[in-house]
Each structure stands twice: as C-alpha cells, then as structure tokens.
Amino acid sequence: MRDLFEFSCTNCKGYVQVPLQIEDERDIIMVCPNCQHEHYRGLKDGEITERRHSNMRDSEHVHRIEPTMAAYSREPKLQKLAARGPLGDLWARFGRN
C-alpha cells in the first residue's frame, strides 16, 4: 500500500508530493526536484519521523527518492484538498497511488 505524503522543502520553500510505501521500517532520502536539497527521514509504524540517519547513507535500508518537477509546487496541495471537506480530507490523509 502506498500513501501520498507532502514534504516541505526548507531550502527553496516549496512542496513535494510523493507516494511512499509505509509498511516498511526504513530510512529515506527525499531529494527536492527544484533545488536538489536532500531531506533525510525515517519511516516507522506507518509514519514519517523527524529522525535523521546520516550515518546510514550507504545502507541497503535507505531508499532514495528523486521525484520529477511534476511532484513540486510552490504551495501545499494536500492541505488544500483537506480544506475542501470530507472527500478532500480523505485524499489528504489516505491518498493512494
């Protein structure tokens, strides 16, 4: 199962939407397609954590995600979907790809 997540890039102030398979416990590197800034996160118990993992960069348990510019926006998209009401909120929380 894949869930749609939105990362906020602190480097270029943009947003990146990516589908992630969250059943696995692993580390990810999400690369912003706009500025190439690398965001290091961990997946645990179906959630993205703020845990950094710089000591595991070469580990086989690290998944590198390099989305295209189609996944990038200047404004958050999932928050806007949630504001549309119940159906939008479902897509924001459980968007599937």
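Ranked by Cβ crowding within 10 angstrom, fewest neighbours first, how are Asp3, Asp45, Asp27 ordered?
Lowest count first: Asp45, Asp3, Asp27.
Give me the net charge for the shell around Gly14: Cβ to Cβ below 12 angstrom, other residues only, Lys and Arg +1, Asp and Glu -1.
Local charge sum for Gly14: +1.
Computed from the coordinates by the stated procedures, all read-outs in this text should not be read as laboratory data. Keep in mind that this is a model prediction, so the values were computed, not measured. Every residue, glycine as well, gets a Cβ built from its backbone with ideal geometry; the counts of neighbours run over all protein chains shown.
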